[in-house]
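The values are calculated or read from the model by the stated rules, or taken from the named source; none is laboratory data. Since the structure is predicted, the reported quantities are computational estimates derived from the model, not experimental observations. FYI the Cβ positions are ideal-geometry reconstructions off the backbone, even for glycines, and counts take in every protein chain you see. Accessible surface is based on the protein model in full, side chains and every heavy atom, while ligands, DNA and RNA are left aside. Shrake-Rupley method; radii C 1.70, N 1.55, O 1.52, S 1.80 Å.
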Amino acid sequence: MGHVSRARAFVADAERTRWHDQALWFVRAKRDAAADLVPDWEALRSEAAAIKREALERLPELWIEFEAQATRAGAVVHWARDAEEHNAIVARLLRERGVTRVVKSKSMLTEECGLNPHLERQGIEVVDTDLGERIVQLRSEPPSHIVMPAIHLRRGEVGETFARTMGAPEGLDDPDALTALARHDLRARFLAAEAGITGVNFAVAETGSLVVVSNEGNVDLGTALPKLHIACVGLEKIVPAKRDLPVLLRLLARSATGQAISAYTSHFRGASAGRELHVVIVDNGRSRLLAEPDFREALACIRCGACLNTCPVYRRSGGHSYGTVIPGPIGSVLEPARDLVAHAELPHACTLCGSCAEVCPVRIPLPQQLLAWRGVLAARGLHPRRRRLALRIAAEILSRPTALRLVGGLGRALARALPESLVEQLARPWTRERALPPLPAASFQTLWKRRQATARERGLPARSDAREGDGDAG
Amino acid sequence: MSNARDAILAQLAAKRPAFGRARRGLPSPSMPPDAEAVLRARIEAAGGTLQIVPRAGWIERIAWPVAEHPAAPGRGEGRSSPSVYSTLPELASRGPGADGEDWTDGAPLDLAVLRGAFAVVENGAVWQVPRAPEERRAALLAEHLVLVIEGDALVASLHQAYERIDLATLAFGWFLCGPSKTADIEQALVLGAHGPRSLSVVWLRDPPMPGKGATA
Ligand code: SF4
């Protein structure tokens, strides 16, 4: 099952699709408005791009420096080659301390590693505390967006979920009331938790500090109350020094939600008296991606979600259609690196419109990368047979002018002769949601020649920038 | 474990990329001439409020987010006076966390009044360093949060903010901007997701800024 078939389930609900599309476009508009208030926005993006790339060039040194600084401050640093090692380290830390109740804030890394099911199998209760993540956790669904995990749901569905799991009154769908219920339920869980697990936005090599941002304050409740804080951090999250933080933080919230800064931007360094901070540094495929010249810049990603919000495909197909931990343009670059066969459709879930590259705060060349994946897919023979065949035929025709003229003429003749419904049938799946444009009567070449001839007759110079009515395709 | 560490570091060294994308450096944004108005707009955009008052008698002057005045007598006298956690000497704490005990029972706290270091004009955030673990908890568990900044308390942007922060010796510090919030249900903004439902920044400013009035 690929992206197209999964998207079909989402777009079956036209009202939901329309709402999803508009809600995300509204977030994109807020991002634009916030960016417009920053005078040097484009220079800021370039600086952030340079900082993240410098960090990728210096990963071993920076992590060694981070480890030394964090350890000096009383943190314990762990290293995990893959998801399994990561999960084992976290589980061991919890088991050794007899922890059975954990609160977790949003972390795409722990999603990627499948931490929750791993801990639950060992009898440890993990509560996701970000409201959106809590909602999808209660529904046993994955998040559909990296910043807005429940953006695929309508308020009524959240109400139903809370009625089923939290005893909310039937039919309750007011966001204020639903949030109040979740707040009440989660407050008790924060107070009862014996450990807090968080992700990390930026790890600072120079000082061994961790920076974590949130709007809800769940990161902070989850680390201020329990005595044990486990921070899970992917290798790509390191930045060299303190002076890099303002550059990245000025971009992050503005790109993500259009806020000038998130409500909470917390800086942790080491462990204070009577408390523990453990940092688990995770590779899980990142060092492998670092060796891929066409794709490694994706490691600069700061997970703002802007490329999802602006993507015409993501907005209309929903996050779950990607079938991956990270959806949208950045997911379609990262996930094929993990499993190209499983995610072979994703590089095609893209119109190459370039909008993602326009908004990405760290200037990741997402469209070029998606195109490069298509090349890899073709080279490895991983395109579906029908597409391979279609591309081969297209290549044959397009490289022979006579063949092109012949096929074009035949196509136009058939389109006129055959009944409309049959033509539409032939043009599927393109015609599923739209009508075919009327085919021009003659080929582009014919129209062009005719036009030149008329111009000559009238004694006008043959201009190449003028437009002719329906001179469209060849 | 050192096994994984060495293996990862070796991998990273072996696959080191070279992007050759040099930093150019950025001019730090300068203080806008209408700094006060920008700060107010940013704080309000984040769902918070800004109150500027002279230092003397500020406790009586500002609008408090709780029904009863936090300094009014009352606890134990039958009135529902607010429970307060305060780090300012002029306002007494009363209620949970007041005696600095390890406060995790989640007893309701109406109000936390804490000192902030400075405010960032470009985004409306206040830099705050809790001096004790219960101070941080109070900032999160209170229904309403008041952050008090004083004197020369503005920086133009995060760049200048970090120049004032000594990260190398800082165990914990945070930027706070507006109350806890979420929009996870159909993008509808709700204040008070997990933490305070309101955040008020109180700027005690005595000598009037050149050419401007002293009060808000
Ligand atoms: S690729 Fe760029 S735009 Fe997309 S989430 Fe990452 S940083 Fe944001």
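A few points about this structure:
- Projecting the Cα atoms of A:Thr17, A:Asn215, A:Ala203 onto the dipole axis of chain A, where Lys and Arg carry +1 and Asp and Glu carry -1 at the beta carbon, places A:Thr17 farthest toward the positive end.
- Fraction of accessible area attributable to carbon and sulfur, the protein assembly as shown (%, probe 1.4 Å): 54 percent
- Counting only alpha carbon atoms, the long axis of helix A:41-57 and the longest principal axis of chain A meet at about 70°.
- Per the accessible-area calculation with a 1.4 Å probe, the total area buried between chain B and chain A rounds to 7100 Å².
- Beta bridges per DSSP with both ends in chain A, % antiparallel, nearest 5: 25 percent
- Largest to smallest principal axis extent of the C-alpha atoms in chain A, angstrom: 92, 55, 45
- Each Lys and Arg contributes +1 and each Asp and Glu -1, all at the Cβ; summed about the Cα centre of the protein assembly as shown, the dipole is approximately 2980 debye.
- Between the residues A:His145, A:Phe295, A:His320, the greatest Cα displacement towards the positive end of the dipole of the protein assembly as shown, with unit charges on the Cβ of Lys, Arg, Asp and Glu, is found for A:Phe295.
- Spherically averaged projected area in nm², based on the convex hull that wraps the Cα atoms of the stretch A:315-474: 13.3 nm²
- Base-10 log of normalised Debye intensity for the stretch A:198-338 (one unit scatterer per alpha-carbon) at q = 0.08, 0.10, 0.11, 0.21 Å⁻¹: -0.25, -0.39, -0.47, -1.42
- In degrees, nearest ten, helix B:2-14 long axis to first principal axis of chain B (Cα): 60 degrees
- With helices as the sole contributors, chain A gives -16000 deg cm²/dmol at 222 nm; each DSSP H run of n ≥ 4 counts as -39500 (n - 2.57), and the sum is divided by every residue.
- C-alpha long axis of helix A:155-166 to longest principal axis of chain A, angle in °: 30 degrees
- Separation between Cα centres of the stretch A:154-215 and the stretch B:3-19, rounded to whole Å: 36 Å
- Calculated P(r) tail over 17 Å for the stretch A:386-457, as whole % of Cα pairs: 59 percent
- For the stretch A:1-109, the pair-distance distribution built from all alpha carbon pairs, in bins 10 Å wide starting at 0, is 10, 18, 24, 28, 19, 1 percent.
- Distant-in-sequence amide contacts of A:Ile238, defined by a placed amide H-H separation under 5 Å and a gap of 5 or more residues or a different chain, comprise A:Ala203.
- Per residue, chain A exposes 42 Å² of accessible surface when a 1.4 Å probe is rolled over the protein heavy atoms with every protein chain present.
- DSSP finds beta bridges in the stretch A:60-284, and of those with both partners inside it, around 25 percent are antiparallel.
- Kirkwood-type radius of chain B, with distances r between different C-alpha atoms, in Å: 19.7 Å
- Spatial offset of the stretch A:280-353 relative to the stretch A:47-83 amounts to 23 Å, using the alpha carbon center of each.
- With 30 Å as the limit on Cα-Cα distance, the pairs of B:Lys15/B:Lys181; A:Lys52/A:Lys227; A:Lys30/B:Lys15; A:Lys30/A:Lys104; A:Lys30/A:Lys52; A:Lys30/A:Lys227 that go past it are B:Lys15/B:Lys181; A:Lys52/A:Lys227; A:Lys30/B:Lys15; A:Lys30/A:Lys227.
- The modelled label-to-label distance for the pair A:Asp40/A:Phe444, using points 7 Å beyond Cα in the direction of Cβ, is 4.5 nm.
- A run of chain A free of exposed loop cleavage sites, with GluC sites (Glu not before Pro) counted only in DSSP states other than H, G, I, E and B and at most 13 other beta carbons within 10 Å, reaches its longest extent at A:171-432.
- Ratio of the Cα radius of gyration of the stretch A:60-284 to 2.2 N^0.38 Å, where N counts its residues: 1.01
- Accessible surface, per residue, of chain B when the full set of protein chains is kept, probe 1.4 Å, Å²: 42 Å²
- Residues whose amide H comes within less than 5 Å of that of B:Glu143, counting only those at least five positions distant or on another chain, are B:Leu109, B:Asp110, B:Leu111 (H built at 1.01 Å from N in the peptide plane).
- Within the stretch B:107-146, the residues that become at least 20 Å² less accessible when every protein chain is included than when their own chain is isolated (1.4 Å probe; DNA, RNA and ligands ignored) are B:Glu122, B:Asn123, B:Arg136, B:Arg137, B:Leu140, B:Leu141.
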